[in-house]
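The values are calculated or read from the model by the stated rules, or taken from the named source; none is laboratory data. Since the model is a prediction, treat every value here as computed from it, not as a measurement. Quick reminder, even Gly has a Cβ in these numbers, built from the backbone with ideal geometry, and neighbours come from all protein chains shown.
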Amino acid sequence: MGKITNALKKAAEERMSHVEKMNRVKERDKLIIKMMGESKVDPNIVTYFDPKALISEQYKTLRTNILSMNKGKPPRTFIVTSSIYSEGKTVTSLNLAVSLAQAVNNPKVLLIDADMRKGKMAKYLGVTAEQGLSEVLQETARAEDVLFHLDDWENLAFLSAGQVPENPAELLAGDYMKMFLSKMREKFDFVIIDTPPIISVTDAGIIGPLTDGVIMVIQAGRTQRGIIHRAEELLYQCQTKVIGHVLTNIEYHLPEYIYRYL
């Protein structure tokens, strides 16, 4: 009996050791997944990495301003665009989308890369998304098959631009785009659309009337007032409402007491 008892005890200890080892592996894997250094998301998406950072607080202010519009009935579908290239509209779109998804009530947010010429959203997120809006509008892919999200944010979905089509403006102006946006409104609380600059191409003006308005991104010290006025004229001619402005590339000194508070 002694030998049998010892054998059973040894087997039980080995099973327990195996379970503990597996638990440690699982816990280790969880920590690796959460490590920021392992993420492929671009560091410019600061709201993803550090929601409490000073810059993240500025995006939270933008979020608050949007949610406070129309006496608590904010725009649910809106465009983020700029006058010219390289003003920071895609980085703004991504940080705003993450900030909205972090709101207290965990709204469902969709960010669409509608720049089917030079879309960079997937690159900023560190993912490969060969199919996207282009394929959806050409009806070669279903939206539910090409939408994706990062592991950290199940209430934040993305749709990449997809492959460059021959006729991006015509695709955006088609009836299927209207149907697609209508369907997305039913599934998400907020739909943000990142479009090409309005002066360069007409895309923002085409989609604008289908949304609640446009947020203009302006780079401080670079974009001239005349260019901004021209961009807003183009949007106005397309019956698109500008609901706000975001100024990027600002350099200013924050008083020491603000740092202490944060």
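Does Ile215 satisfy being under 22 Å from Gly119 (Cα atoms), assigned to a strand (DSSP E or B) and either in contact with a Ser or Thr (Cβ under 6 Å, 6 or more places away or on another chain) or in the same structural domain as Gly119 (by TED's automatic domain parsing) (or both)? Give the steps one after another, and end with the answer.
Numbers: under 22 Å from Gly119 (Cα atoms): yes; assigned to a strand (DSSP E or B): yes; either in contact with a Ser or Thr (Cβ under 6 Å, 6 or more places away or on another chain) or in the same structural domain as Gly119 (by TED's automatic domain parsing) (or both): yes.
So Ile215 passes the test.
Of the helices (runs of 4 or more DSSP H) entirely within region 51-123, those holding at least 1 residues that are aliphatic (A, V, I, L, M) and either touching a helix residue (DSSP H, G or I) at 6+ places or on another chain (Cβ under 8 Å) or buried (at least 24 other Cβ atoms within 10 Å of the Cβ) (or both) occupy 54-67, 89-101. I'd like the full set of residues that are in a loop (DSSP other than H, G, I, E, B), touching a strand residue (DSSP E or B) at 6+ places or on another chain (Cβ under 8 Å) and free of Cβ contacts under 8 Å to residues at least 24 places away in the same chain, limited to region 218-252. Answer for region 218-252, where residues must be in a loop (DSSP other than H, G, I, E, B), touching a strand residue (DSSP E or B) at 6+ places or on another chain (Cβ under 8 Å) and free of Cβ contacts under 8 Å to residues at least 24 places away in the same chain: there is none. The set of residues in region 131-141 that are out of contact with any helix residue (DSSP H, G or I) (no Cβ under 7 Å at 6 or more places or on another chain) and either within 13 Å of Ala97 (Cβ to Cβ) or free of Cβ contacts under 8 Å to residues at least 24 places away in the same chain (or both) contains only Thr140.
Suppose we keep only residues that are over 22 Å from Glu170 (Cβ atoms) and touching a Phe, Trp or Tyr at 6+ places or on another chain (Cβ under 8 Å) within region 124-136. Which one would you say is surrounded by the most Cβ atoms within 10 Å (Cβ to Cβ)? Before you say what the answer is, go through the steps one by one.
To start, the set of residues in region 124-136 that are over 22 Å from Glu170 (Cβ atoms) comprises 124-129.
Subsequent filtering for residues that are touching a Phe, Trp or Tyr at 6+ places or on another chain (Cβ under 8 Å) retains 125, 127, 129.
Numbers: Leu125: 23, Val127: 14, Ala129: 19.
Among residues in region 124-136 that are over 22 Å from Glu170 (Cβ atoms) and touching a Phe, Trp or Tyr at 6+ places or on another chain (Cβ under 8 Å), the one surrounded by the most Cβ atoms within 10 Å (Cβ to Cβ) is Leu125.
Across region 174-200, the qualifying residues are those that are surrounded by 16 or more Cβ atoms within 10 Å (Cβ to Cβ) and aliphatic (A, V, I, L, M), and the one among them that is farthest from Gly126 (Cα to Cα) is Ile199.
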